[in-house]
Every structure is written in C-alpha cells, then in structure tokens.
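One structure below.
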Amino acid sequence: MKVHLPSFAGQAISRLNAAGFDAYVVGGCVRDSLIGRVPDDWDIASSATPEQTKAVFEDLPVIETGIQHGTVTVLLEGRPLEITTYRLDGQYSDGRHPDQVHFTKKLKEDLARRDFTVNALAYHPRLGIVDCFGGVEDLQQGVIRCVGEPDRRFQEDALRVMRGIRFASQLGFSLEAKTEISLRKHAPLLQKIAAERLRVELVKLLCGAQAEKVLLNFPDVLAQLIPELLPMVGFDQRTPYHIYDVYQHTAHSVGAVESDPILRLTMLLHDIGKPSCFTVDYKGQGHFKGHGAVSVRMCEEILPRLRFDNHTTERVLKLVKYHDAVIEPRENLIKRWLNRLTPDGFEQLMKVKLADNAAQNPIYDRSDCYRAIIRIAHEILQREDCFSLSSLAVNGDDLMELGIPAGKKLGETLQFLLQAVIDEKCVNDREQLLEYCRKYRQIP
Ligand code: ATP
Ligand code: MG
C-alpha cells in the first residue's frame, strides 16, 4: 500500500528527519490517498516542538497558526503545510476543547487522540503506513469506528458526532455498531457546539456521495441542528403526486441534485414548511397550499442560526420560494424568469425542479417539460435576446430626453418597454422603442 506523497510534503519530512526529528503525514490525507481520493490538504505530525520546527524551516515563511496547540504552517514550494507536534489532549471539561494539550514524543499517543480509526493513520515514505488501531482494515471494510471507547470520545468532543455521519456520507462508509449506538446517544451534546463548526460539517455531509442514505438514517442527529426537520419524518402526504413521506421525499431530492452546497441545502429545506400547511379536501386528498412561503419564513430563521453567509442564504431563500412555481415552456414567460432570477439563478431553479420531480411519483414525471424549458432558455441566451433592462436598447437618459422626468414614472416606462420587447410587441431597437413609447405612454 502506497501513498503518493507530493514533493513539498516529502521535502518537509526529509528536512525534519535530517534534523533528528520524527515526521509523518497523518490523518485525512493518508485516509484519502489509500482509497484513491485526492486529499484537500496534507498535514504533518512531528516529534519536533513548534520552536524546533520553526528553526528547521527558518529560511522559509512560517506562520504560527496555532502555536499553543503545536501547529505551525510552513510555506513550501508555495504551498502551505501544517506541521503539528505530536500531542496528547488533556481533560475535556466542556465537550468542545481540551483544557490543555501536552506534547509527546510518541506517534502512537498522537494517533490515539484522533477521532476515527480511518483518520488515525500515519505514513512515512521509507517506513510506510503506521496503523495502531486497525484503520487500514476499517478503510478496506468501509467502516467508521471510534479510536478507543466511543462514549468517552463523543463526550470529549461532541463535534465528532457530526464528523462521524459526515464521513459516512462523504466516503459511503457505514458506522460500526458500537460507534453508531454511542453516536446517537450523544447527539444531544451537539447543542454545546458552535454553530459555525456544525455548519461546516452539515455542508460537507450534504455534499457527500451518500447524503441521501445518511439523511434517511440519521434524522435524529440532524434534528439537533435543525429541529424543524422532525415533523417531516413519517409525514404521510396523502396525494397521488407523491410516493414518499415528506422527509423521505426530501432525502431523495437531496440525492437527486448535483453536489453543490446551495442546491443541496435548498433541497433539504424546500418542503420544511409542508407539515404546518397540511389540509385534507373532501375527497381525502392532502394539500400543502402556501408551503413555499412558509418554508421561506422557516429558512429565514434556520440559515442565520447556522451562520450561513449572506450569499448562500439569499440564494437558498429564492430557490425555496420559487421551487413550486409553475413555469410554462413559453419564450416570453421564460424571459421574465431570466430577468427575475438572472440566468445562473434560473439554471439553479431548474435543477431544483428536476430534483424535486425526481423524488415524486414517477407517473407524473415532468422532466420532459423542464428539459424543454432549459432548452428554450439556452436558445434565448445564445441569441442574446433582450430580457433585462441592461440589454434594452433605450435607457433612462433616452427617456428623459423625451421629457419623462426622473423617478417612478421613468422606471415604470422602462419596465413597460422591456415587457413590450419580451412580448415581441416591439423590436429591441432604439428608434422603434422611442416611437413605441411616444405612441403608448403619455409624454408630457
Ligand atoms: P477533511 O479535511 O477532508 O474535511 P480530515 O479528516 O482531514 O477531513 P480535518 O478537520 O482536516 O479532517 O482534521 C485532520 C485530522 O485531525 C483528522 O483526520 C483527524 O485525525 C484529526 N481530527 C480532526 N478533528 C478532530 C476531532 N474533533 N477529534 C479528534 N480528531 C480530530
Ligand atoms: Mg483535512
């Protein structure tokens, strides 16, 4: 078993070794290399103290990233590399941070503080893999297992609860039985963890290859972050358009959309308002009138609570708002959507609608219609047809020259002309638009 070490990481190990210190690549990068994934970053663990590491790399830029925790970042071949002193975590009294960290000379002790066996592997280009806790076998079997006693490990740091199911989603692994029981038992401790850290794990989980499966298996854990999910679980929709309950439908729709944070988050939340909008008609059929708007209101609470950035929040709110909008495959109507959402936003909305559709009753499949809409939108964009004020052949200055005063009336007239172009009542040509304007608007 071999890890393909990038030269900057190999160089760092050689330099530390030459200065008399042990050094290995550790953690996620070893795990990912062994299963053929491309590691995000390479981390090094070493017996050198932070001061000693700084001395070894004194000719290079060094950042004291977290020197009290033993981490310095060295810029090698232009790439940042974190080098952390072997350490033992002390007592955890708050379920979040070790009260203090102690440095050690033993690699095994450093590996023992790591969360899961597959993350507790080290590799050295000459000495090979160091596997003290059965991580290689678990990697081969596709198992997430705590290093040591699960109860103690989740109590020390409850973020590991989210990390456990996040790795299950990313790697497609299952949780070892004792680890899973303990993980569920300790899920309520997630309440102690900072929202930012939970959000990072949630997004990675949602973007994982097995997100759908993990969502279906662990609603109890996710409800610690988003309790609003719970009423969806097992909620019978009582409508021929659906074959799943609201939560199953949600999970399938997450799996049906591409792995992108905004799209996956939208699918998770698009129907969250459904349970509170449920009505049954005289035929016994269920309806969820107005659920889009209710979902939006709930997302307005949920997304800031999880400290999502403004861009993500605004995009998700828009997509949730319109996920259920009726869009007809007609050019002028599609141009209005392109104007309202921008081409990127409209493309996202169509992806949302396709994923939503894929998780409903296949008898009512509407994907052909959605694909026709996408094709028409592409044609509009390719022809560079006008659908927004920015490409209208007249602007505010032109209209002021006609005598329309700046202000509300001017804005309305521009919109009026844009609609005329979109509806093909007038071509997008300056002279003809001004003529059209004179004819149909009262010019003072
Ligand atoms: P990725 O970077 O792909 O998200 P990773 O496993 O590299 O996953 P990091 O957060 O970069 O995760 O952490 C690097 C390593 O540090 C992990 O592989 C693990 O060995 C250890 N680690 C990280 N967080 C914890 C934690 N909360 N408890 C114990 N060990 C941890
Ligand atoms: Mg990492």
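Test LEU303 against the criterion of being of a type outside the set (Val, Ile, Thr), open to solvent by less than 20 Å² (accessible area, probe 1.4 Å) and without any contact (Cβ under 8 Å) to a residue 40 or more places away in the chain, and give yes or no. In short, yes. Output yes when any residue across segment 390-401 is in contact (Cβ under 8 Å) with a residue 40 or more places away in the chain and at positive phi, and no when none is. Checking segment 390-401: not a single residue is in contact (Cβ under 8 Å) with a residue 40 or more places away in the chain and at positive phi.
Could you tell me which of the residues ARG114, ARG163 is within 16 Å of ligand 2 (Cβ to nearest atom), within 27 Å of LEU215 (Cα to Cα), assigned to a loop (DSSP other than H, G, I, E, B) and touching a strand residue (DSSP E or B) at 6+ places or on another chain (Cβ under 9 Å)? So that I can check it myself, show each step before the final result.
Details: ARG163 fails: assigned to a loop (DSSP other than H, G, I, E, B).
Within the list ARG114, ARG163, the selection yields ARG114.
Filtered by the rule that a residue be more than 22 Å from LEU88 (Cβ to Cβ) and touching a residue at least 24 places away in the same chain (Cβ under 8 Å), segment 56-75 gives VAL56, PHE57, VAL74. The set of residues in segment 140-159 being in contact (Cβ under 8 Å) with a residue 24 or more places away in the chain and assigned to a loop (DSSP other than H, G, I, E, B) consists of GLY142, ARG145, VAL147, GLY148, ASP157, ALA158. Is segment 270-282 home to any residue that is on the phi > 0 side of the Ramachandran plot and open to solvent by 70 Å² or more (accessible area, probe 1.4 Å)? Looking through segment 270-282, none of the residues is on the phi > 0 side of the Ramachandran plot and open to solvent by 70 Å² or more (accessible area, probe 1.4 Å). ALA122 meets the conditions (1) of a type in the set (Gly, Ala, Ser); (2) within 21 Å of ALA48 (Cβ to Cβ); (3) out of contact with any helix residue (DSSP H, G or I) (no Cβ under 7 Å at 6 or more places or on another chain) in every case but one. The failed one is (3).
For every residue, the table says whether it meets (1) open to solvent by 70 Å² or more (accessible area, probe 1.4 Å); (2) more than 23 Å from SER295 (Cα to Cα); (3) at pLDDT below 95; (4) aromatic (Phe, Trp, Tyr).
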position	(1), (2), (3), (4)
GLU314	yes, no, no, no
LEU317	no, no, no, no
ASN357	no, no, no, no
ASP368	yes, yes, no, no
ILE376	no, yes, no, no
GLU379	yes, yes, no, no
PHE387	no, yes, no, yes
ALA393	no, yes, no, no
GLU401	yes, yes, yes, no
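When residues in segment 42-87 are screened for being under 21 Å from GLY20 (Cα atoms), in a strand (DSSP E or B) and open to solvent by less than 60 Å² (accessible area, probe 1.4 Å), 15 of them pass.
Looking across segment 407-444, the residues that are open to solvent by 20 Å² or more (accessible area, probe 1.4 Å), within 27 Å of TRP337 (Cα to Cα) and in a loop (DSSP other than H, G, I, E, B) come down to GLY407, ASP423, GLU424, LYS425, VAL427, ASN428, ASP429, ARG441.
Checking each residue in segment 105-119 for being open to solvent by less than 20 Å² (accessible area, probe 1.4 Å) and either charged (D, E, K, R) or free of Cβ contacts under 8 Å to residues at least 40 places away in the same chain (or both) picks out ASP110, ASP115, THR117.
Considering PRO150, PRO125, which residue is modelled with pLDDT of 95 or more, away from ligand 2 (no atom under 16 Å from the Cβ) and buried (at least 22 other Cβ atoms within 10 Å of the Cβ)?
Values: PRO125 fails: buried (at least 22 other Cβ atoms within 10 Å of the Cβ).
The unique qualifying residue is PRO150.
Which members of segment 314-341 meet the condition of being under 15 Å from ASP385 (Cβ atoms) and either among the polar types (S, T, N, Q) or outside any loop (DSSP other than H, G, I, E, B) (or both)?
Residues satisfying the conditions are GLU331, ASN332, LEU333, ILE334, LYS335, ARG336, TRP337, LEU338, ASN339.
Has segment 123-136 got at least one residue that is free of Cβ contacts under 8 Å to residues at least 40 places away in the same chain, of a type outside the set (Phe, Trp, Tyr), away from ligand 1 (no atom under 12 Å from the Cβ) and assigned to a helix (DSSP H, G or I)? For segment 123-136, residues free of Cβ contacts under 8 Å to residues at least 40 places away in the same chain, of a type outside the set (Phe, Trp, Tyr), away from ligand 1 (no atom under 12 Å from the Cβ) and assigned to a helix (DSSP H, G or I): absent. Within segment 156-172, identify whether any single residue is open to solvent by 20 Å² or more (accessible area, probe 1.4 Å), more than 10 Å from ligand 1 (Cβ to nearest atom), more than 25 Å from the chain's Cα centre (by Cα) and not hydrophobic (A, V, I, L, M, F, W, C), and answer yes or no. No; the residues of segment 156-172 include none that is open to solvent by 20 Å² or more (accessible area, probe 1.4 Å), more than 10 Å from ligand 1 (Cβ to nearest atom), more than 25 Å from the chain's Cα centre (by Cα) and not hydrophobic (A, V, I, L, M, F, W, C).
This table checks each residue for (1) basic (Lys, Arg); (2) within 14 Å of ligand 2 (Cβ to nearest atom).
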site	(1), (2)
GLY10	no, no
ARG15	yes, no
PRO39	no, yes
SER46	no, no
ALA55	no, no
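If we keep just the residues of segment 7-31 that are in contact with a helix residue (DSSP H, G or I) (Cβ under 7 Å, 6 or more places away or on another chain) and outside any helix (DSSP H, G or I), which is nearest to ligand 1 (Cβ to nearest atom)? Outline the logic, then answer.
So in segment 7-31, the residues in contact with a helix residue (DSSP H, G or I) (Cβ under 7 Å, 6 or more places away or on another chain) come out as 15-16, 19, 21-25, 27-28, 31.
Next, only the ones that are outside any helix (DSSP H, G or I) stay: 19, 21-25, 27.
Details: ALA19: 24, PHE21: 20, ASP22: 17, ALA23: 16, TYR24: 12, VAL25: 11, GLY27: 3 Å.
Here the residue is GLY27.
Restricting attention to segment 105-122, and to residues there that are within 12 Å of ligand 1 (Cβ to nearest atom) and among the acidic types (Asp, Glu), which single residue is farthest from ARG163 (Cα to Cα)?
Step one: filter segment 105-122 for residues within 12 Å of ligand 1 (Cβ to nearest atom), giving 110-122.
Add one more test, that the residue is among the acidic types (Asp, Glu), and what stays is 110, 115.
Details: ASP110: 19, ASP115: 9 Å.
Only one residue fits best here, namely ASP110.
Which residues, taken from segment 32-57, are in contact with a Phe, Trp or Tyr (Cβ under 9 Å, 6 or more places away or on another chain) and either within 14 Å of ligand 1 (Cβ to nearest atom) or among the aromatic types (Phe, Trp, Tyr) (or both)? Of everything in segment 32-57, those that are in contact with a Phe, Trp or Tyr (Cβ under 9 Å, 6 or more places away or on another chain) and either within 14 Å of ligand 1 (Cβ to nearest atom) or among the aromatic types (Phe, Trp, Tyr) (or both) turn out to be SER33, LEU34, TRP42, ILE44, ALA45.
The values are calculated or read from the model by the stated rules, or taken from the named source; none is laboratory data. Everything numeric here is computed off the predicted structure, so don't read it as measured data. Every residue, glycine among them, receives a Cβ derived from its backbone with ideal geometry; neighbour counts consider all protein chains shown. Please note that ligands, DNA and RNA were not included when accessible areas were found on the heavy atoms of the full protein model with its side chains. Shrake-Rupley method; radii C 1.70, N 1.55, O 1.52, S 1.80 Å.
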